[in-house]
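The values are calculated or read from the model by the stated rules, or taken from the named source; none is laboratory data. The model shown is predicted, which means the values in this text are computed figures rather than measured ones. Positions of Cβ are generated from backbone atoms using ideal geometry, with glycine treated the same way; all protein chains shown enter the neighbour counts. With ligands, DNA and RNA removed, areas are computed over all heavy atoms of the protein, side chains included. Shrake-Rupley method; radii C 1.70, N 1.55, O 1.52, S 1.80 Å.
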Amino acid sequence: MAATLDDLRRTADGLPGSEERATTGGAAWFVRGKLYAWECHPWPSIPADIRETIAAELVVGVKVADRVDALALVQMAPDVFLRTTTAWGEPKVAFRMAGIDEDHLAELVTEAWRVQAPQYLRREFDSAGD
């Protein structure tokens, strides 16, 4: 079953220091003021074909450790992960929520949080899992 924004919220709520904010483009999640996941919006700066996808369905973006990670995800599932959105906020990857299950969403969101979270919050999260 496809993941939803409520699934994303549930995952984000379990991450230390995570905060949801409403933005011009939709919902966005931050950790200590750093963006790590967001609802994509069909901004004019996005390539036309990608903009059409974003306008037609729910697309979420997440931070990744580096561009290689983003490219690997796109190559692994090009029908789910979009090749590009904007140059802003790199490295990141955007994906069609209809193609993601809850477990994979939780993994993507948690890893995005790890990229942006300070070390003390990552330690807190890791020790809570022990």
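Pop a pseudo-label 7 angstrom from the Cα along the beta-carbon direction at both Glu90 and Ala2 and give the gap in nm to one decimal.
2.9
Report in % the part of the accessible area of the chain that belongs to carbon and sulfur, leaving out ligands and nucleic acids; probe 1.4 Å. If you can, show how the numbers build up before the last one.
Working: 3630 of 7030 Å².
Of all accessible area on the chain, carbon and sulfur atoms account for 52 percent.
Take the alpha-carbon positions of region 47-98, form their convex hull, and give its projected area averaged over all directions (one quarter of the hull surface) in nm². Provide the component values of the computation, followed by the final result.
On the way: hull surface 13.2 nm².
So the mean shadow area of the Cα hull is 3.3 nm².
Can you pull a Stokes-Einstein diffusion coefficient for the chain at 10 °C (1.306 mPa s), Rh from Kirkwood over Cα pairs, as a whole number of µm²/s? Walk me through the numbers on the way to the answer.
Working: Rh = 14.8 Å.
Once the numbers are plugged in, D ends up at 107 µm²/s.
In Å², and per residue, what accessible area does the chain have when probed at 1.4 Å with the other protein chains present?
54
At 0.36 nm per residue, minus the direct Cα-Cα distance, what do Val80 and Ala22 gain on full extension? Give it in nm, one decimal, please.
Going from the current span to full extension adds 18.4 nm.
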